[in-house]
1. What FRET efficiency comes out for the pair residue 296/residue 429, r = Cβ-Cβ distance, R0 = 51 Å, nearest 0.05?
2. Using just the helices of the chain, give the 222 nm mean residue ellipticity in deg cm²/dmol: DSSP H runs with n ≥ 4 each add -39,500 (n - 2.57), and the total is spread over all residues, rounded to 500.
3. How high is the FRET efficiency from residue 418 to residue 458, r the C-beta distance, R0 22 Å, rounded to 0.05?
4. If one computes P(r) from the Cα atoms of the range 24-312, what percent of pairs lie at distances over 24 Å?
5. Say each of residue 451 and residue 142 gets a label point 7 Å from the Cα, pointing the same way as Cα to Cβ; how far apart are those two points in nm?
6. How much of the calculated P(r) for the range 408-490 lies past 23 Å, in percent of all Cα pairs?
7. Return the inverse of the average 1/r over all pairs of distinct C-alpha atoms in the range 279-331, which is the Kirkwood hydrodynamic radius, in Å to one decimal.
8. Please compute the length gained on full extension between residue 97 and residue 354, using 0.36 nm multiplied by the number of residues separating them and subtracting their Cα-Cα distance.
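Only the coordinates and a few stated rules stand behind these numbers; no lab work does. As the structure is a prediction and not an experimental result, all values here were calculated from the model. Because the Cβ atoms are built from the backbone with ideal geometry, glycine has one as well, and the counts that use them run over all protein chains shown.
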Amino acid sequence: MAQLSRSNSFPLVEPLVWNPWVEPEEVTLEQPALGEGSFGIVYKGRLRGSTVAIKLLINQQLDDDGLTFFKREIQILGGLRAPNIVLFLGACCEPGHYMIITELMPAGDLDTILSSRKINLSLFIRMKMARDAAAGMCWLHQNKPQIFHRDLKPSNMLVDRDSYLIKLCDFGLAAVKGTGSGPDGRGSTPGTPTQSRKMSPMSPNEIGKHPAIGTPSWMAPEIMRSQPFTTKADVYSFGIVLWQLLTRHQPFAGLEEHTAIFDAVCNLKQRPKIPSNTIPALAALITRCWSQDPLRRPEFGDVIPVLDEIIVESAIENHDGSEFWKKHFLTMSEVPWSAFWNAFSEIIPEDTVTDDNVEIFYQLLGITPATSSNIEPKVHIENFGKVLSWLPGSLEELLPSFKKLCSQPWFFGFLDAIRAGEILSGNIEGTFLIRFSVRQPGVYTVSIVEHGTVTHSRISRESEEWVYDGMRDRSLIQLITKVKDKLKRPCPGSPYAITQKEKSTVYLYDE
């Protein structure tokens, strides 16, 4: 049987029913605007019974160049269907009503989210965002013909409210590599508007001749110098974005003028400072992405597998734990309990695999009973990372260590400050309990009755030692004995009954 190829397969055809053009009267805008960029104002609105996002161009009197850029954005968006690229729904090209309609991402753009200290985003979530952005860029760069974004930055990345999924948007400055032939050989991309078929994609030489285009703080040195560039210019921008996802700071914040940023990036070869406690693989990736030499920057196809491992390390700081997850569950954020336990039970001593230990571990991982016999409970990577941060050491020692901790009368597991205060209320001076810190994994909290009130203070970990009230010890249990003059009386009623006759079920995480 002959193998199909592009030359002898069915010819590529354009959709017969999809028409991207929208009449102005079909669109309803809602005030106030959601945001404003250099070229357009974005509104929430309605189109054909659906809630959508509408980018209304600020300048409605487009000259030939402006109209070319506008149509190019429609052409590019209209031909893209990818999980990490915003979905194009239509456009209006009538003078005075120039607009582009896309799906609405209610959470807004990444820049706004990173700037808000009210929004708590773990490094794990932020690195997943980075992977989403890299996947979107990989799709563009591996498209035929290649697409250059040329303005990659957090404000051009939209965020899903529930999953924090990232989708790339704003292709107003994007360019297409080629000499006039699209993938169908006719100078167009299948599914793009008829009016835009006469547009030829920009050739590499044409791109290089254009003046610096983009936003200075994210602009690659070769673009600042108006030199020819490749897809590696987008990789540079991604390096800056990756640094922002790490630090939640604005790049080159002290430099306002374009000339100052140009001098810092191009002449002095300066970059934002990477924090010293950054995951080594992440620091190395950022450094490679924003390298002065484009040839030293990786392709997005090579960035993604590196980020897969960084995502695991961001959720699980324990080296053995992260290597375990990479080996068995790389690219997975949560796994069925049975799959997790089958893999985990292979590396722990056989004599620790008891019903009591399994039940304790089940609870410790924040697993609640399944609501249906058809739904298997799952282990989330961040919960596993939290467990290992509270119980450092080898994976083989994890269950015995936790069982020993549970045998201490002062250990209450997962409580918030309010509940701890309620439990301690009415107890005598010096009565205390120790619990997992709600806000900071890897830290314990001491709640104690002092001077008639309940106070809370942390037991932190420094250089492989637990630290509290000026005392240090590698063992948490030994540390508590060192401060018995202050911690005088364990609070009665610990929910753990490992060494007692009674047992109770305690779930350590809020649903």
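1. Working: r = 64 Å, r/R0 = 1.25.
Computed FRET efficiency for residue 296 and residue 429: 0.20.
2. Result for the chain, helices only: -9000 deg cm²/dmol.
3. 0.80
4. When every Cα pair of the range 24-312 is considered, 51 percent fall beyond 24 Å.
5. Label at residue 451, label at residue 142, 6.3 nm between them.
6. Values: 477 of 3403 pairs.
Percentage above 23 Å: 14.
7. 11.8
8. Full extension from residue 97 to residue 354 adds 85.5 nm.
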